[in-house]
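The values are calculated or read from the model by the stated rules, or taken from the named source; none is laboratory data. These figures come from a predicted structure and were not determined experimentally. Note: ideal-geometry Cβ built from the backbone for every residue, glycine included; neighbour counts use all protein chains shown. Just the protein is used for accessible areas: all its heavy atoms, side chains included, with ligands, DNA and RNA removed. Shrake-Rupley method; radii C 1.70, N 1.55, O 1.52, S 1.80 Å.
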Amino acid sequence: MIKIGDRMKVSIIGGTGPQGLGIAERLAIAGMDVIVGSRKEEKALDVVAKAKEDLSDYDLSNMVGMANEDAAKEGDVLIITVPLAAQKPTLEGIKEFCADKIVMDATVPLETAIGGKPFRFIDLMEGSAAERTAKILEGTGAKVICAFCNISNSHLANIPEEIDCDCLIAGDDADAKATAAEIIDKIPGIKTIDCGILEKARIIEKITPLLIGLNIKYKSHYGGLRITGIPALDKE
Ligand SMILES: NC(=O)c1ccc[n+]([C@@H]2O[C@H](COP(=O)([O-])OP(=O)(O)OC[C@H]3O[C@@H](n4cnc5c(N)ncnc54)[C@H](OP(=O)(O)O)[C@@H]3O)[C@@H](O)[C@H]2O)c1
């Protein structure tokens with residue numbers, strides 16, 4: 001397993017949106033070195049400066065902005081937080097920097113990608129967005145993990161409240177998943193649950209439109225889930 005020290009850098013590719021920035025802020029507050037990536041370096045710098053202003057009670061000197069390519073090059077672990085339509089071009093643009101790295105993918109294939117509803121899922125040829133990422137990064141040795149799909153940006157932005165949700169993850173490399181879980185569990189309240197091989201992303205990603213539908217029906221922004229009744233998980 002990769003040793004996680006304060007110097008391990010986590011890069012959020014497409015980190016200027018609500019999901020990526022929320023993850024970046026939470027991890028930076030937890031003490032990790034975080035790089036917020038954007039297609040445009042200037043936008044990343046502006047977004048990071050604004051985040052530091054908004055969260056001036058916290059020391060966010062460990063959070064910086066960069067162009068996605070530089071962020072991918074610099075980061076030891078990458079987290080992909082771009083819309084489905086941007087997934088392929090974004091990954092192709094950073095592929096050369098993904099070699100042997102852990103790549104967490106938060107992409108959810110929502111119908112909004114084709115002008116539809118956020119509570120509907122679209123089926124992808126590869127089975128899931130995370131498997132699509134693995135296919136695009138094939139040959140690089142990147143260890144792709146489906147992660148953060150079921151954690152809403154509202155929860156992430158609700159600093160300093162704890163996040164009352166489990167983060168379901170899936171991937172084919174056990175060590176990579178253990179490292180990913182160590183990183184994710186730095187966010188107060190979240191418990192990471194390893195659901196198994198990457199193919200399980202097909203199920204994990206489908207939970208998100210269900211939660212979005214519940215948020216709409218019950219006028220909330222905080223729909224999430226907890227897995228209960230698995231004693232082995234409770235002991236972790
Ligand atoms: N929002 C949530 O609550 C939530 C929860 C679970 C999972 N997710 C998933 O996380 C991902 C990000 O969600 P989000 O709400 O943060 O998305 P978003 O705001 O629509 O996009 C995030 C970032 O992606 C970049 N981007 C947008 N369009 C692009 C394009 N055509 N090509 C390349 N880059 C583009 C933009 O960064 P730059 O302009 O700076 O390059 C943008 O700030 C999505 O796949 C979503 O399904 C979101």
Filtered hits (aspartates and glutamates, Cα-Cα < 16 Å from residue 143, offset >= 8 within chain) -> 76, 92, 96, 100, 105, 131, 172, 173, 175, 182, 194, 199
Per residue, how large is the accessible surface of the chain? Use a 1.4 angstrom probe and give square angstrom. 48
Go through region 30-81 and name the trypsin sites (Lys or Arg not before Pro) that are in a DSSP coil and have 10 or fewer other Cβ atoms within 10 Å of their Cβ. none
Report the local net charge at residue 94: Lys and Arg +1, Asp and Glu -1, summed over other residues whose C-beta lies under 13 Å from its C-beta. -1
Could you name the lysines whose alpha carbon sits less than 16 Å from that of residue 40, not counting residues in the same chain fewer than 8 places away? 50, 73
Tell me, what is the 1.4 Å probe accessible area of residue 56, in Å² to the nearest 10? 90
Shape of region 51-153, Cα gyration tensor, a/c cut at 1.5: oblate
Using the Cα gyration tensor of region 87-236, with a ≥ b ≥ c the square roots of its eigenvalues, what is the shape: rounded (a/c below 1.5), prolate (a/b larger than b/c) or oblate (neither)? oblate
Scoring region 9-235 by relative contact order with C-alpha pairs under 8 Å, at least six apart, yields a percentage of 17
At 222 nm, what value in deg cm²/dmol follows for the chain if DSSP H runs of at least 4 each add -39500 (n - 2.57) and the sum is divided by all its residues, to the nearest 500? -11500 deg cm²/dmol
Classified through the alpha carbon gyration tensor (a ≥ b ≥ c as square roots of its eigenvalues; rounded if a/c is under 1.5, else prolate when a/b is larger than b/c, else oblate), region 1-97 comes out oblate
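Expressed as a whole percentage, what fraction of the accessible surface of the chain belongs to carbon and sulfur atoms when a 1.4 Å probe is rolled over the protein heavy atoms?
Of the solvent-accessible surface of the chain, carbon and sulfur hold 52 percent.
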DSSP beta bridge pairing in region 9-235, given as percent antiparallel to the nearest 5: 10
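Greater than 22 Å separation of Cα atoms is the criterion. Which listed pairs, 43/191; 117/206; 101/135, meet it?
In this structure, 43/191 lie more than 22 Å apart at Cα.
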Report, ordered by chain and residue number, the aspartates and glutamates lying within cross-link reach of residue 52, taken as a straight Cα distance under 16 Å and ignoring same-chain residues fewer than 8 apart. 25, 33, 42
Under 10 Å, Cα contacts only: if you run a Gaussian network model on the chain, which one of 135, 143, 177 comes out with the highest mean-square fluctuation? 135
For residue 193, what residues show an amide H to amide H distance below 5 Å, using hydrogens built from the backbone and excluding near sequence neighbours? 167, 168, 169
